[in-house]
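Have a look at the structure below, then the notes.
Nothing in this text is a laboratory measurement; each read-out follows from the coordinates by a stated rule. Owing to the predicted nature of the structure, the values given are computational and were not obtained by experimental measurement. Don't worry about glycine lacking a Cβ; one is built from the backbone with ideal geometry, like all the others, and counts go over all protein chains shown.
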Amino acid sequence: DTGVSQNPRHKITKRGQNVTFRCDPISEHNRLYWYRQTLGQGPEFLTYFQNEAQLEKSRLLSDRFSAERPKGSFSTLEIQRTEQGDSAMYLCASSPVAGMRNTIYFGEGSWLTVV
Amino acid sequence: AQTVTQSQPEMSVQEAETVTLSCTYDTSESDYYLFWYKQPPSRQMILVIRQEAYKQQNATENRFSVNFQKAAKSFSLKISDSQLGDAAMYFCAYRSGRDDKIIFGKGTRLHILP
């Protein structure tokens, strides 16, 4: 069990470019979450999946953001036409099954800097 | 909507002393979990302790314990015998029984003074 893996760990991009982050959850975890965290703030919920089904998207997730989880394994978070306000750390987390008793495990995050 | 409030942006404690971090939350649900997560400078979020809302007994994990006051919607974290490795951001979090989302507070940065 290697934990939740996120790539790339750091990304610097020019405003207007597209970026994609990948998350590999812990094996057989069927819940996968994406959060955004800015400096000095707590993580903000973006979206989550049960297997390949996207259950909910936060209103924070504008039309420029899209997340997928094909085949219920890894997930990608794409940001199109990046803006400086998108600069943040994007956290991925996974959980073995639905239900509160199961702990959510976080990855180390992917830092995005838009210049 | 549920909210989580941490009113202490920063706190400091002498090594080996005890410190309490505060958290309040708001919800209309009766079925939920509460958590404290630690985020060290390496940034990976680590679960410290969790509390089931239906349990009256306060959770403990070694040097970490909580004071869960359900009626007051308060969930404080006590760290005993503070160690240098406890220095981190601490986030209080609420997990809904209805939809499994976790909502975080803004965090408290804890400094350990040698």
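Here are the numbers for this structure:
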| quantity | calculated |
| --- | --- |
| Segment B:Asp26-B:Arg98, length gained on full extension (0.36 nm per residue, minus Cα span) | 24.4 nm |
| Inter-part distance where the stretch A:66-97 and the stretch B:59-114 are each reduced to a Cα centre, Å | 26 |
| 10 Å Cβ neighbours from other chains, averaged over peptide B:88-97 | 2 |
| Charge dipole magnitude, Cβ of K and R +1, D and E -1 - the protein assembly as shown, Cα centre, debye nearest 20 | 400 |
| Whether chain A is rounded, prolate or oblate, judged on the alpha carbon gyration tensor where a/c under 1.5 counts as rounded | prolate |
| Surface/4 of the Cα convex hull for the protein assembly as shown, nm² | 12.5 |
